[in-house]
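Q: Could you have a look at this structure, given as structure tokens, before my questions?
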Amino acid sequence: NKEFLFDKILVDAPCSGEGTLRSSPRTYLMWNIKTINVLSRIQKQLLESAINVLKIGGEIVYSTCTHAPEENEEVVDYILEKYKGKIEIEKIKLPIKTREGITEWNNKKYSKEVKKCARVYPQDNDTEGFFIAKLGRVK
């Protein structure tokens, strides 16, 4: 069995959808913290699976349509810690207004590296809300 490795991977993870509240008010009715915590575990597993098939020098873009740090910075922080020295986060530049990732939430502190992530807020661009992280495999 020959192992397949990829240069670029997009992980558009299933999420709680907080960023879609503008266009889908039903999201609010389904929202709860238990769902966010379950999704966070799934997102970590998805990102780990992607890392396991990523070439050295390859890139992963991880994105969600939620604002929940448990599904965003916490996932990236977990990966940076687990794959220390193998995965680095890259700064993202987009042609719209973005804000940096947050380093603290709900009594948890995340790596300062998550500041390189991009948060897209509806009020900044008249869009839905998103989170985007770009990860590179260094070895």
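The values are calculated or read from the model by the stated rules, or taken from the named source; none is laboratory data. Because the structure is a prediction, the values reported are computed rather than measured. Cβ: placed from backbone, ideal geometry, glycine included. Neighbour counts: every protein chain shown. Each accessible area value is taken on the protein alone, full model and side chains, heavy atoms only, with ligands, DNA and RNA left out. Shrake-Rupley method; radii C 1.70, N 1.55, O 1.52, S 1.80 Å.
Q: Among the lysines, which have Cα under 23 Å from the Cα of Lys86 when same-chain residues fewer than 8 positions away are ignored?
A: Filter leaves Lys2, Lys8, Lys44, Lys55, Lys109, Lys112, Lys115, Lys116, Lys134, Lys139.
Q: While we're here: Which value, in Å² and to the nearest 10, is the accessible area of Lys139 when all protein chains are kept and the probe is 1.4 Å?
A: Result for Lys139: roughly 130 Å² accessible.
Q: Right, another one. Decide, for the stretch 69-139, between rounded, prolate and oblate: order the square roots of the alpha carbon gyration tensor eigenvalues as a ≥ b ≥ c, take rounded if a/c falls under 1.5, and otherwise choose prolate if a/b is larger than b/c, else oblate.
A: Details: a/c = 2.67, a/b = 1.47, b/c = 1.81.
It comes out oblate by the Cα gyration axes.
Q: Would you kindly find the accessible area of Arg99, with a 1.4 Å probe and non-protein molecules such as ligands, DNA and RNA excluded, rounding to the nearest 10 Å²?
A: Looks like 100 Å² after rounding.
Q: Could you please tell me the mean projected area of the C-alpha convex hull for the chain, averaged over all directions and given in square nanometres to one decimal? Mind showing how you got there, number by number?
A: Working: hull surface 36.3 nm².
It is 9.1 nm².
Q: May I ask what percent, to the nearest 5, of DSSP beta bridges between residues of the chain are antiparallel? Before the final figure, lay out the partial values.
A: Working: 17 of 23 bridges.
Antiparallel: roughly 75 percent of the beta bridges in the chain.
Q: Search the structure for amide H atoms under 5 Å from the amide H of Val11, placed 1.01 Å from N in the peptide plane, and list their residues when 5 or more places away or on another chain.
A: Close amide H contacts, sequence-distant or interchain: Val61, Tyr62, Ser63.
Q: Leaving out ligands, DNA and RNA, what percent of the accessible area of the chain is carbon and sulfur, probe 1.4 Å?
A: Details: 4540 of 8370 Å².
Heavy-atom surface of the chain belonging to carbon and sulfur, 1.4 Å probe: 54 percent.
Q: Still on this model: Apply the Karplus curve 6.51 cos²θ - 1.76 cosθ + 1.60, θ = phi - 60°, to the phi angles in the stretch 99-112 and return the couplings in whole Hz, x for Gly and Pro.
A: After applying 6.51 cos²θ - 1.76 cosθ + 1.60, I find 10, 6, x, 8, 10, 8, 7, 6, 6, 10, 10, 10, 3, 4 Hz.
Q: Something else now. Would you work out the charge dipole size for the chain about its Cα centre, treating the Cβ of every Lys and Arg as +1 and the Cβ of every Asp and Glu as -1, and quote it to the nearest 20 debye?
A: On the way: 24 positive and 20 negative charges, 66 e Å.
Using Cβ point charges on Lys, Arg, Asp and Glu, the chain gives about 320 debye.
Q: Measure off 7 Å from each Cα along the Cα-to-Cβ vector at Ser49 and Arg99, then give the distance between these two points in nanometres to one decimal.
A: So the two model labels end up 3.2 nm from each other.
Q: Further question: I'd like to check one number: the per residue accessible area of the chain, probe 1.4 Å, reported in Å² as a whole number.
A: On the way: 8370 Å² over 139 residues.
Ligands and nucleic acids excluded, the figure is 60 Å² per residue.
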